[in-house]
Amino acid sequence: MIEQTYYTLPIRIYYEDTDFSGVVYHAAYLKFFERGRTEALRACGVHHSEMLAREEPLAFAVRKMTTEWVVPARIDDMLEVRTWFVSAKGARMVLSQEIWRDDQLLAKAEVEAACMSLGGRPRRLPADLTAKFGVKD
């Protein structure tokens with residue numbers, strides 16, 4: 001059970017997401033998780049374009065991701081990507097994500113992302129951004 005606020009993104013499974021048998025190819029889940037993270041940030045008021053427009057442009061880079069596939073999704077399924085912020089400290093933020101079909105968990109991921117300069121150097125998460133995530137560290 002998720003006790004924190006989570007953000008949802010509906011995903012329809014298309015032919016391009018599947019292998020020859022109509023089962024979602026494992027790498028497609030990474031795209032779904034990425035879209036879920038982006039939309040969770042957007043729902044918090046954090047937009048990638050605005051991060052790039054700062055005095056010091058910033059971006060997020062996935063540093064570590066642990067995934068578990070539980071049950072396969074199939075062509076034409078309607079899924080929901082759930083994303084919530086776990087922590088934000090220093091240059092890192094941690095998010096948890098799950099992909100559901102109705103009441104069935106299909107996949108989950110634990111993601112650590114780093115705030116970076118465009119030159120690839122870690123940068124402390126700005127306080128105005130972390131305040132929007134709704135986590136306390």
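The values are calculated or read from the model by the stated rules, or taken from the named source; none is laboratory data. None of the values given here were measured: they were computed from a predicted structure. When we count neighbours, we look across all protein chains shown, and the Cβ atoms used for this are built from the backbone with ideal geometry, even at glycine.
Below are the figures for this structure:
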| item | result |
| --- | --- |
| Residue 85 vs. criteria over 21 Å from residue 10 (Cβ atoms) and either at pLDDT 95 or above or crowded, with 17+ Cβ neighbours inside 10 Å (or both) | no |
| Filter pass, residue 102 being on the phi > 0 side of the Ramachandran plot and more than 17 Å from the chain's Cα centre (by Cα) | yes |
| Pairs, first over 17 Å from residue 65 (Cβ atoms) in the range 95-118, second surrounded by 15 or more Cβ atoms within 10 Å (Cβ to Cβ) and of a type in the set (A, V, I, L, M, F, W, C), C-beta under 7 Å, six or more apart | 100/79; 100/106; 101/73; 101/79; 117/58; 118/59 |
| Sole exception among (1) closer than 20 Å to residue 118 by Cα; (2) aromatic (Phe, Trp, Tyr); (3) touching a Lys or Arg at 6+ places or on another chain (Cβ under 6 Å) for residue 6, by number | (1) |
| In the range 10-53, the residues that are within 21 Å of residue 91 (Cα to Cα), outside any helix (DSSP H, G or I) and free of Cβ contacts under 8 Å to residues at least 60 places away in the same chain | 47, 53 |
| Number of positions in the range 26-62 that are crowded, with 16+ Cβ neighbours inside 10 Å and among the hydroxyl-bearing types (Ser, Thr, Tyr) | 2 |
| So residue 129, is it modelled with pLDDT of 95 or more and touching a strand residue (DSSP E or B) at 6+ places or on another chain (Cβ under 9 Å) | no |
| Exclusive hit being crowded, with 17+ Cβ neighbours inside 10 Å and modelled with pLDDT of 95 or more, set 65, 78, 116 | 116 |
| Of all residues in the range 101-113 being of a type in the set (A, V, I, L, M, F, W, C) and surrounded by 17 or more Cβ atoms within 10 Å (Cβ to Cβ), the one that is farthest from residue 14 (Cα to Cα) | 113 |
| The range 64-104, residues that are out of contact with any Pro (no Cβ under 9 Å at 6 or more places or on another chain), of a type in the set (Asp, Glu) and assigned to a strand (DSSP E or B) | 68, 98 |
